[in-house]
Every structure is written in structure tokens, then in C-alpha cells.
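The values are calculated or read from the model by the stated rules, or taken from the named source; none is laboratory data. A quick note: this is a predicted structure, and the numbers were derived from the prediction, not measured. We place every Cβ from the backbone using ideal geometry, glycine too, and count neighbours over all the protein chains shown.
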Amino acid sequence: MNQTIKIGDRLVGDGQPCFIIAEAGVNHNGDLDLAYKLIDKAVEANADAVKFQSFITEELITPDAPKANYQVQTTGETGSQYKMLKSLELSAEDQAKLKTYCEKVEIIYICTPYENYSVDILDKIGVTAFKIASTDTTNIPFLRYIASKQRPVILSTGMSNLAEVEQAVNSLQNGGLKNNFALLHCTSEYPAPINDVNLRAMLTLKTAFNCPVGFSDHTPKIGASPWAVAMGACIIEKHFTLDKNMSGPDHRASLEPNEFKELVETTRNVELAMGDGVKQPMSSEIPNKPMMQKSLVTKKAIKEGEIITVDDLVCKRPGVGISASWFDKIIGQKAKNDLPKDKILQLSDFDWN
């Protein structure tokens, strides 16, 4: 399987810059103007993509479904999950407008559908890629349906074990999506405790499925995202909002625009720091090498023709003569000329055997 996929005009995978997704989600609070502002802030932060969610509440949830614990904490205990989600819906027309606006401001539009109707909506408007939430990792018929659309897929794997992820991957492949998906490791708690992040599981996914892998980050603040990039994440997804104090289920666990911009900058610095893996002097340190490393230096005056012994040499800065690494090679050589004490030795100082 390929370890690189294409999302819009971007290659995503090994050897490519990390693909950073600003997860607007439902932080627009059902307000299209607020959604536009989120897009603008994602562009300002230099995110690669902005992601929304598409769902028809009646098709997603039963009328009396209880809220998740984090939803109770962020929105209060009153009201059902159904009522909460209904207020956060965006219409098909709204999604089309958001995609058009993303194209105008040159950021990739991605969306998470939660049922088949929304899949059809997004496919019709030409969504760049489908993001599948962790809630649907085990939703086999839904995975097959998305796969049939033949668009790139990014699948989050929170709350799932490896066998369930394997079942999900098989469902995508059986649905016709062979080499055009990526997997995100995720801890589905808001915020996610650091001791539950388990970043090594991301590497397990890469080994098991040989596809691009990344991290959907729910840890507080910038959190674990830069660490994941250092471990090889080629995708980072992080919730963001205009204001954490706004009402709604996800605002508190999201980054504000200045924080998201810092996340992007930190990620790019991590990538720069990772380098190419070749162990060699770096351009910035090359001028320091002769001043900081050491040369072989005479410990005492040596007469012409004398054989060099261990007691004749010492290693001192600067490193502009014979390298200290040549210590054993100089022992037993004959001095070509008189050599004063503290002379930085050169190859021309010896009659070489």
C-alpha cells in the first residue's frame, strides 16, 4: 500500500510536510457567518485545511439519547443530545458555500459526514476528502458507503482496538478504496489526559497498515501535537474556535486563533529540527569545527630525527593541524625538523614510514 495520498493539491505522507487540519467542527454554533470567520482564522494561522461536520440530526441520533460526559460539562445537563446537535446543523447549501469560500481564500475544505445523506451532499459539492470520526470506526456499512465515493478518506480511530481498526480498513478496501486513505490515532476524551495519549499506538497503526498516519489531538493547549510530529505523524488535526468561552460542546477543548497559529509554527519548527537523518557537520557548525576541536600538539621540544612517543604529544585547541584522532598514527613517526614545544603539528613535520 502507498504511504502517500493526495488531498487536493497536497501530497500527504512520508517525506511530506505535516498536513495540518484546523477542526472547526461545530464551533460555528450553526451560524454561517461565524463559520466564515473560522475559515479566515485558519488561513491566518497557515493551516493546510479547515474541517467542518455535516449531519442530519434525525438520521444520526435517537430523540432521547443522553449527552456524553464532556458535553454535560460544557453545555450543562439540561436538554438532550438531539436538541444540542439540531442547533448545530448546517444545510447542504451552507456546506457548498463554505467549500466555495475555502476555494476563494485558498485553503482545503474537508468535512466529516455522520450518515449517508450527508455523504451524498458532500460528494455532490465535491468535498476534497472525507474525514470519518472515531464514532464511526466500527460502522461497517457506513465505511463501505463512503469508500464507494472514491474520494480520499482520513479515518480517526479513537475508542478502537487494533482488531476494530483492521475491520474498518478492510471495509474501506472492500468498498473500493484501496490505497487512498490515512489513519489518525486519537484519544476520544475532551480534553484527553496526557497519560492516555499513547502516541506509540500511532506507530503501531503505521506498521500494521502501511498507510499515512497522524494524530487527532484532544490534549489541552498545543498539547501532544508537536510530539506526534516528531514521532512521524504526517497529519495533525486539532479543534479550534474563535473564543473558548462561547457556548457549545467543543469550544473549551479547542485552541483559539493565536494558539492555533502557535501550533502551526511549532509544528514547522519540529519538522525543521528533524532534519534528514544524515550524521554530518551542519552548515552552522562548520565554522566552529577548527576552533573547537583539537589538534596534536608537541608536549615538549623534539629534535630532528627523534621518534615520536606517547610522552611527546598532547591534544589542544585549535583543530587546525593534524586531528587528535591521529594520535596512534603519529606514534613511531620520525620528526623531519626540530619541533618546539606547543607546536600545532602538520603532516609535513614528519618523515612518514
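Here is a yes/no grid of residues against (1) closer than 21 Å to Ala49 by Cβ; (2) in contact (Cβ under 8 Å) with a residue 60 or more places away in the chain; (3) within 12 Å of the chain's Cα centre (by Cα):
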{"residue": "His239", "(1), (2), (3)": "yes, yes, no"}
{"residue": "Lys244", "(1), (2), (3)": "no, no, no"}
{"residue": "Asp250", "(1), (2), (3)": "yes, yes, no"}
{"residue": "Ala253", "(1), (2), (3)": "yes, yes, no"}
{"residue": "Thr267", "(1), (2), (3)": "yes, yes, yes"}
{"residue": "Val278", "(1), (2), (3)": "no, no, no"}
Worksheet entry | Test: residue in the range 334-343 that is in contact with a Pro (Cβ under 8 Å, 6 or more places away or on another chain), outside the structural domain of Ser87 (by TED's automatic domain parsing) and at pLDDT 95 or above | no
Practice prompt. Select, from Lys289, Lys261, the only residue that is in a helix (DSSP H, G or I), in contact (Cβ under 8 Å) with a residue 60 or more places away in the chain and more than 12 Å from the chain's Cα centre (by Cα).
Written response: Lys261
Worksheet item: Any residue at all in the range 174-194 that is free of Cβ contacts under 8 Å to residues at least 24 places away in the same chain, outside any loop (DSSP other than H, G, I, E, B), farther than 16 Å from Cys234 by Cβ and assigned by TED's automatic domain parsing to the domain that holds Glu237?
Response: no
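Determine, yes or no, whether Lys279 is closer than 30 Å to Pro17 by Cα and basic (Lys, Arg).
Criteria met by Lys279.
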Worksheet item: Which residue pairs have Cβ atoms closer than 8 Å, lie 6 or more positions apart in sequence or on different chains, and pair a first residue in the range 322-335 that is under 13 Å from Leu347 (Cα atoms) with a second residue that is aromatic (Phe, Trp, Tyr) and surrounded by 13 or more Cβ atoms within 10 Å (Cβ to Cβ)?
Response: Ile330/Phe350; Gln333/Phe350; Lys334/Phe350; Ala335/Phe350
Item to complete: Working only within the range 154-191, note down all residues that are hydrophobic (A, V, I, L, M, F, W, C), at pLDDT 95 or above and either more than 15 Å from the chain's Cα centre (by Cα) or within 14 Å of Asn139 (Cβ to Cβ) (or both).
Response: Leu155, Met159, Leu162, Ala163, Val165, Ala168, Val169, Leu172, Phe181
Practice prompt. Filter the range 275-317 for residues that are exposed (fewer than 11 other Cβ atoms within 10 Å of the Cβ) and in contact with a Leu (Cβ under 9 Å, 6 or more places away or on another chain) and give the result.
Written response: Lys303
Discussion item. Which numbered condition in (1) assigned to a helix (DSSP H, G or I); (2) at pLDDT 95 or above is the only one that Arg252 fails?
Written reply: (2)
Practice prompt. State the number of residues belonging to the range 193-216 that are crowded, with 16+ Cβ neighbours inside 10 Å and over 17 Å from the mean Cα position of the chain (by Cα).
Written response: 1
Worksheet item: Mind checking which residues of the range 1-49 are closer than 12 Å to Ile110 by Cβ and among the basic types (Lys, Arg)?
Response: Arg10
Worksheet item: Restricting the range 309-353 to residues that are among the charged types (D, E, K, R) and part of a loop (DSSP other than H, G, I, E, B), which is nearest to Asn288 (Cα to Cα)?
Response: Arg317
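Of everything in the range 200-232, what is of a type outside the set (A, V, I, L, M) and within 15 Å of Leu255 (Cβ to Cβ)? Give them in sequence order.
Phe215, Ser216, Asp217, His218, Thr219, Pro220, Lys221, Gly223, Ser225, Pro226
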Discussion item. Which count do you get for residues in the range 72-131 that are at pLDDT 95 or above, among the basic types (Lys, Arg) and either surrounded by 15 or more Cβ atoms within 10 Å (Cβ to Cβ) or touching a Phe, Trp or Tyr at 6+ places or on another chain (Cβ under 6 Å) (or both)?
Written reply: 3
Item to complete: Please state which one of Ala224, Ala233, Ala228, Ala324 is in contact with a strand residue (DSSP E or B) (Cβ under 7 Å, 6 or more places away or on another chain) and outside the structural domain of Ile20 (by TED's automatic domain parsing).
Response: Ala324
Worksheet item: How many of the residues in the range 223-263 are farther than 30 Å from Ser87 by Cβ and of a type in the set (Val, Ile, Thr)?
Response: 1
Practice prompt. Taking only the range 312-345 into account, find how many residues are farther than 21 Å from Ile286 by Cβ and aliphatic (A, V, I, L, M).
Written response: 7
Fill in: Residues of the range 34-59 satisfying the condition of being in a helix (DSSP H, G or I) and surrounded by fewer than 19 Cβ atoms within 10 Å (Cβ to Cβ)
Leu34, Tyr36, Lys37, Asp40, Val43, Glu44, Thr57, Glu58, Glu59
